[in-house]
Structure formats: C-alpha cells, structure tokens
1. Just give me the residues in region 21-39 being at positive phi, within 19 Å of the chain's Cα centre (by Cα) and of a type in the set (G, A, S), in sequence order.
2. Consider N143 carefully, then state whether it is assigned to a helix (DSSP H, G or I) and open to solvent by 30 Å² or more (accessible area, probe 1.4 Å).
3. Among the residues of region 196-217, is there at least one that is under 14 Å from R152 (Cα atoms) and hydroxyl-bearing (S, T, Y)?
4. Let me spell it out: the conditions are (1) within 22 Å of I85 (Cβ to Cβ); (2) open to solvent by 40 Å² or more (accessible area, probe 1.4 Å); (3) free of Cβ contacts under 8 Å to residues at least 24 places away in the same chain, and R131 meets all of them except one. Which number is the exception?
5. With region 15-89 as the region, which strands (runs of 3 or more DSSP E) entirely inside it contain at least 1 residues that are within 16 Å of ligand 2 (Cβ to nearest atom)?
6. What do you reckon, is A20 hydrophobic (A, V, I, L, M, F, W, C), touching a Phe, Trp or Tyr at 6+ places or on another chain (Cβ under 8 Å) and surrounded by fewer than 19 Cβ atoms within 10 Å (Cβ to Cβ)?
7. Across region 7-17, what is the total count of residues that are of a type outside the set (D, E, K, R) and surrounded by 14 or more Cβ atoms within 10 Å (Cβ to Cβ)?
Amino acid sequence: MIRIRGLRKIYRVGTEAVHALRGVDLDISANEMVAIMGSSGSGKSTMMNILGCLDTPTHGTYELDGRAVSQMGADELAHVRNEKIGFVFQSFELLPRQTALANVELPLVYSRQASLTWRERRERAERSLRRVGLGSRMDHRPNQLSGGQKQRVAIARAILNNPSILMADEPTGNLDSATTAEILSIFRQLHAEGQTILMVTHENDVAAHCQRVVRLRDGRILSDLPIAEDEAGKYVPAGQAA
Ligand SMILES: Nc1ncnc2c1ncn2[C@@H]1O[C@H](COP(=O)(O)OP(=O)(O)OP(=O)(O)O)[C@@H](O)[C@H]1O
Ligand SMILES: [Mg+2]
C-alpha cells in the first residue's frame, strides 16, 4: 500500500541545510497498524507529512496504492489528500464554532463527491460519529466536549471517506492515561475492521497497541520490529510473548 525508497528531506534555513530524513526505505501493507517512534527531531513528523502528501521529499520515491505520488497532478493530489488519507493531530484541529457534526462533514464539502445531497452528507457524518461512540454528542461544539471526545470527533472526520490509510501524529499527546486508553481502543477497533493505521508516539504503552514499531534516529530507520499478539489478545513486544 505504501512503498518509500531512498527518502531524503533537506530543509533550507538561510544558508544552512537541515537533513531531516537521510534515506528512508519503508513498506506498509494494507491493514497494518504501525507505530513510528524516535526522539524529538528524529524526522517523524517530516516523514508523516510526506506520506500524507502534505510535503514533498527532496530525493526518493513514494508510491501510494501503486501510484507514484511525484507523478500526480494537482487534481489527483487533492483527491488523494482528501479521500485516501485520513489525518489526526495531537491538537485535534477542530473548527471551534462548528458542531461535531459540521466538523466531521467538512471533508465531504471539499470532496469530488459534491454530488451528494445535503442529507446524504449528514447521514455519512452521523454514521462516522456513531462509529467512534459519539452518537449523543453530534450537536456539541468543541468547547462543550472533553479532550477525548474532541479527538474522537477528529477521528470520525479522518475516517469519513474510508481512507486507505489513517495517519495520526501523537494523537494521545495531549490526553491523560484514561482518555489515551479510550482513543487507543477506537484505533484498535478500526484496525480490527480493516483500517490501515500509522501513528507517531513517544510512549511505549501506546506503541504496544500496534503490530509493528519503526524507530527513527537522526533521519534514518534505527529498527523496524513486529509486536506479537498473545492468546489473550493483548499486544506484547516480540520476544516477550509467553
Ligand atoms: N519546516 C522546517 N524547516 C526547517 N527545519 C525543519 C522544518 N521542519 C522540521 N525541521 C527540522 O527537521 C528535523 C526533523 O523534524 P521533525 O519535526 O520531523 O521531528 P520529529 O521527530 O517529529 O520531532 P518531535 O518528536 O519533536 O515532534 C529537526 O531537526 C527539525 O528542526
Ligand atoms: Mg513531530
């Protein structure tokens, strides 16, 4: 589903060159749930932004669903960003004056599926909110929701168009441990339903919910290891399974 080769990203700041990615190869298959880890500045967000087609690499290739992203025209790129990739951010990024429902509906407003009627859009947004357990909070605005509920609205918005991949950059970074568990159980549920998920996290406990952990250091892949699932359905680091 995702195939990157020799990915490099050099940021130019004045006369200085910042090497954020120094040659990354990575394959992600359909229905994987992968954690990206690494210390601050190791290149995690840079890689996520390239995978999300929000930024372009300086060198290297990126294929999404068999298509080279660098060959895509503006229209196809916009389509990919809007419909093949779902994004969840640490800071939720909800529109403060809009209800949960209006926030979730937003991608459909900019979608190729402009032919959808007002009622069809609304029904899809409602279905998405129910999938994350927010059926009873549709008309609440962000300031009337808890942190975990806000993140669930953001997840409902990200999965609205059934994206090929759901990408999350530190989705639990602003949440306490109980709320983190709630959000992780939603990611696990979506994964069980077939969703491919890629998430950046600093926390081992969060990464332990994934099947595979990719560690970056200084713009390179340091390790790429599977996490085994034991009989109880609990994920444990490979090698520690009973
Ligand atoms: N827009 C930019 N312009 C210049 N340098 C940048 C830019 N974005 C990131 N960098 C640099 O690239 C390197 C990688 O940054 P990146 O944001 O990818 O790290 P990260 O792993 O996401 O870190 P964190 O855990 O703190 O979020 C850092 O040295 C950073 O200073
Ligand atoms: Mg980052």
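1. Correct list: G38 only.
2. yes
3. There is no residue in region 196-217 that is under 14 Å from R152 (Cα atoms) and hydroxyl-bearing (S, T, Y).
4. Of (1) within 22 Å of I85 (Cβ to Cβ); (2) open to solvent by 40 Å² or more (accessible area, probe 1.4 Å); (3) free of Cβ contacts under 8 Å to residues at least 24 places away in the same chain, only one is false for R131: (3).
5. By residue number, 16-28, 33-37, 85-89.
6. It is false that A20 is hydrophobic (A, V, I, L, M, F, W, C), touching a Phe, Trp or Tyr at 6+ places or on another chain (Cβ under 8 Å) and surrounded by fewer than 19 Cβ atoms within 10 Å (Cβ to Cβ).
7. 2
The rows are residues; the columns are (1) at pLDDT 95 or above; (2) in contact with a helix residue (DSSP H, G or I) (Cβ under 6 Å, 6 or more places away or on another chain); (3) open to solvent by 20 Å² or more (accessible area, probe 1.4 Å); (4) part of a loop (DSSP other than H, G, I, E, B).
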position	(1), (2), (3), (4)
R119	no, no, yes, no
A125	yes, yes, no, no
Q151	yes, yes, no, no
A168	yes, no, no, no
A178	no, no, yes, no
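The values are calculated or read from the model by the stated rules, or taken from the named source; none is laboratory data. Given the structure is predicted, the values throughout are model-derived calculations rather than measurements. Using ideal geometry, Cβ is built from the backbone for each residue, glycine included, and neighbour counts are taken over all protein chains shown. All accessible areas refer to the heavy atoms of the entire protein, side chains included, with ligands and DNA or RNA removed. Shrake-Rupley method; radii C 1.70, N 1.55, O 1.52, S 1.80 Å.
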